[in-house]
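Enquirer: Here it is, the structure, as structure tokens.
The values are calculated or read from the model by the stated rules, or taken from the named source; none is laboratory data. This is a predicted model, so every value here is computed, not measured. Heads up, the Cβs are rebuilt from the backbone with ideal geometry, glycines too, and the neighbour counts pull from every protein chain shown. In case anyone asks, the SASA skips ligands and DNA or RNA and just uses the protein heavy atoms, side chains included. Shrake-Rupley method; radii C 1.70, N 1.55, O 1.52, S 1.80 Å.
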Amino acid sequence: MSVTVRSFAKINLGLRIGALRPDGFHELRTVYQTIALHDIVRVSVRRGSGIEIRCDDSRVPTDESNTCYLVVERAMVELKASGRVVIEIEKRLPVQGGLGGASGNAVAAVLALERVLKKEMSAPERLRIAAEVGSDLPLFLVGGTVLGVGRGEEVYPVPDLPAIVCVVATPEIGVSTPKAFADWDLLVSREPEVSGKLTLPAASDRMVEFGRVLSAWLGSQSQIKQKQDKHKSGRALSGVPVSKGRGRAETLLLDLVRTGIENDFEQVVFPKYPELREVKRVLERAGALYASLSGSGSATYGLFAAREAAEKAAARLRTDGVPATATTTLTRPQYWKKIFD
Ligand code: C5P
């Protein structure tokens, strides 16, 4: 028996890099958002032993270094299962793209494996083995809008941003995440007046500030919802202004943009790859409510109020030779429904 699942991608709505920790990782604060772009992962368990990974894309490792291998190896032990696990990956997302493709594949493989074996780990157990394998895996066990703290592996579901149209550009540039973190360390050590000196207190101040921004934003979400519910029921509005003609997703996003949420990686990745800064500019000029690098890139996205403007922006980027697709963000219920559809 085999089980086929969708392995979705993520974008980062803001990413703040803090201090380098003694374990070699950086303290992070980010908001992950799952999107509809995906790979396909098929898992079967046969007679024998071992883990076999099949993928047509030569850039995907098929040995023990693949995140699918690492996490499935742990899952088989945890599930006390035996057999030869065959994982087939149909790659559609870019490799090393800032969209969490490999991490999503690994989580998808575990979810499919549990269905094949008709056995389940507890949710905390699943989160533990995912975090052991990589900082970007656990978010895919939550889906929708997710707060990531620690090294990004400590994840909390936050109220979902309503689904919104999104253009994802995937320039053919491989940005190394460890190198981008190292460049960030260099930047903050060289230019304390620009980025805030990365002494531990300064770095933790930056984290606290992100927490405040996020808390204010999440707080405004429920206020906006209350306003709109009142508006719908015809009662008088007071307090928080809700822009006329704007949907909730759009209002929330504009709110987020006003708080000044940013991806710190842009400061080290854009100077190195100016073409990525240009992609962001194209998206902004095309009317994106918010545009940003995702993770350490090279994927760069724009969030749009209308599908038509998004399609136009994607077409414009493709004309410039940059692969780009108009898609949508996925709320938590949509994410979980579509994985197994
Ligand atoms: O956890 P993951 O395997 O995705 O991390 C890849 C590399 O990125 C780490 O080995 C580390 O160099 C860097 N990293 C970091 N701080 C984080 C996450 C990743 O320095 N929070």
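Enquirer: I'd like to check something: does region 164-185 contain any residue that is within 10 Å of the ligand (Cβ to nearest atom) and either over 29 Å from R59 (Cα atoms) or within 16 Å of the chain's Cα centre (by Cα) (or both)?
Expert: Restricting attention to region 164-185, the residues satisfying the condition of being within 10 Å of the ligand (Cβ to nearest atom) are 176-182, 184-185.
The next check asks that each one be either over 29 Å from R59 (Cα atoms) or within 16 Å of the chain's Cα centre (by Cα) (or both); those that pass are 177.
Yes, region 164-185 contains a residue that is within 10 Å of the ligand (Cβ to nearest atom) and either over 29 Å from R59 (Cα atoms) or within 16 Å of the chain's Cα centre (by Cα) (or both).
Enquirer: Quick check on region 174-181. Is at least one of its residues crowded, with 17+ Cβ neighbours inside 10 Å, in a helix (DSSP H, G or I) and either in the same structural domain as L283 (by TED's automatic domain parsing) or modelled with pLDDT of 95 or more (or both)?
Expert: Yes - at least one qualifying residue is present in region 174-181.
Enquirer: Can you find a residue in region 43-62 that is aliphatic (A, V, I, L, M), part of a loop (DSSP other than H, G, I, E, B) and open to solvent by 10 Å² or more (accessible area, probe 1.4 Å)?
Expert: Checked region 43-62: at least one residue is aliphatic (A, V, I, L, M), part of a loop (DSSP other than H, G, I, E, B) and open to solvent by 10 Å² or more (accessible area, probe 1.4 Å).
Enquirer: Another question about this same structure. Is it the case that I35 is without any contact (Cβ under 8 Å) to a residue 60 or more places away in the chain, assigned to a strand (DSSP E or B) and β-branched (V, I, T)?
Expert: No, not satisfied.
Enquirer: Between a residue in region 16-28 that is over 16 Å from D205 (Cβ atoms) and assigned to a loop (DSSP other than H, G, I, E, B) and any residue that is within 8 Å of the ligand (Cβ to nearest atom) and of a type in the set (K, R), which pairs come within a Cβ distance under 6 Å, given they are 6 or more apart or on different chains?
Expert: That search, which allows pairs on different chains as well, returns F25/R151.
Enquirer: Could you figure out which of (1) within 29 Å of R281 (Cα to Cα); (2) under 15 Å from the mean Cα position of the chain (by Cα); (3) within 16 Å of the ligand (Cβ to nearest atom); (4) open to solvent by 30 Å² or more (accessible area, probe 1.4 Å) isn't true of D160?
Expert: For D160, the failing item is (3).
Enquirer: Residues to consider are T4, T30; find the one that is within 16 Å of the ligand (Cβ to nearest atom) and within 22 Å of V95 (Cβ to Cβ).
Expert: Numbers: T4 fails: within 16 Å of the ligand (Cβ to nearest atom).
Just a single option satisfies the conditions, and that option is T30.
Enquirer: Something else: Answer yes or no as to whether A106 is surrounded by fewer than 21 Cβ atoms within 10 Å (Cβ to Cβ), among the hydrophobic types (A, V, I, L, M, F, W, C) and more than 24 Å from A19 (Cβ to Cβ).
Expert: no
Enquirer: What's the total number of residues in region 291-341 that are surrounded by fewer than 23 Cβ atoms within 10 Å (Cβ to Cβ) and either acidic (D, E) or at positive phi (or both)?
Expert: 5
Let's see how each residue does on (1) buried (at least 18 other Cβ atoms within 10 Å of the Cβ); (2) charged (D, E, K, R); (3) modelled with pLDDT under 95; (4) assigned to a helix (DSSP H, G or I):
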| position | (1), (2), (3), (4) |
| --- | --- |
| N12 | yes, no, no, no |
| D39 | yes, yes, no, no |
| V71 | yes, no, no, yes |
| K80 | no, yes, no, no |
| G97 | yes, no, yes, no |
